[in-house]
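So the structure is just underneath, and the comments pick up after that.
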Amino acid sequence: MKLAIGSDHVGIELKPAIIEYVKELGHKVEDFGPYSAERTDYPIYGKKVAEEVAAGNFDGGILICGTGVGISITANKVQGIRAVVCSEPYSAKLSKEHNNTNIVAFGSRVIGSELAKMIVKEWLEAEFEGGRHENRVKMITDIEKIN
């Protein structure tokens, strides 16, 4: 899988451990910044990663900010993105299986690196189940098209 990753200045400390872990799992990952701990705004990087995923340049994305909330809200403003913020692995897994999420986000002020790795692993290994969930994802996509 080819993944895009981004954070803000708060998430930058956790990001290298996640990049390394994703590579250990056999995936490719490209870092969309930032590249220093200088204060920055999470919408910049949430948008960059979401646009790359929505354009089909990457199979999915990983976003990190203080809570994961702001950066995932930003990503969800990009048409075609279904980003989920998770603080535990079960929701990450089900978000992919039931909602076909294409970006996972978490907060570096909320979880540590080992829990983040478990979330990423569950999310990466999960597969969209389709079936009854397919219609629900279509309903979400239809709402996007209206607005």
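Residues that are touching a residue at least 12 places away in the same chain (Cβ under 8 Å), in a helix (DSSP H, G or I) and closer than 22 Å to residue 138 by Cα were ranked within the stretch 77-97; the one that is most open to solvent (accessible area, probe 1.4 Å) is 93.
Any residue at all in the stretch 113-128 that's of a type in the set (Asp, Glu), over 18 Å from residue 53 (Cα atoms) and not in a helix (DSSP H, G or I)? No, every residue in the stretch 113-128 fails to be of a type in the set (Asp, Glu), over 18 Å from residue 53 (Cα atoms) and not in a helix (DSSP H, G or I). For residue 25, are the conditions met, namely being farther than 20 Å from residue 87 by Cβ, out of contact with any Pro (no Cβ under 9 Å at 6 or more places or on another chain) and in contact (Cβ under 8 Å) with a residue 60 or more places away in the chain? Judged against the criteria, residue 25 is a match. Looking at this structure, is residue 35 touching a Cys at 6+ places or on another chain (Cβ under 6 Å) and open to solvent by 50 Å² or more (accessible area, probe 1.4 Å)? Against the criterion (touching a Cys at 6+ places or on another chain (Cβ under 6 Å) and open to solvent by 50 Å² or more (accessible area, probe 1.4 Å)), residue 35 does not qualify.
Restricting 53, 110, 104 to those that are touching a Gly at 6+ places or on another chain (Cβ under 8 Å), part of a loop (DSSP other than H, G, I, E, B) and among the aliphatic types (A, V, I, L, M) reduces the list to 110.
The values are calculated or read from the model by the stated rules, or taken from the named source; none is laboratory data. Predicted, not measured: the structure shown is a model, and the values here were computed from it. Positions of Cβ are generated from backbone atoms using ideal geometry, with glycine treated the same way; all protein chains shown enter the neighbour counts. Areas reflect the complete protein model, heavy atoms only, side chains present, ligands, DNA and RNA absent. Shrake-Rupley method; radii C 1.70, N 1.55, O 1.52, S 1.80 Å.
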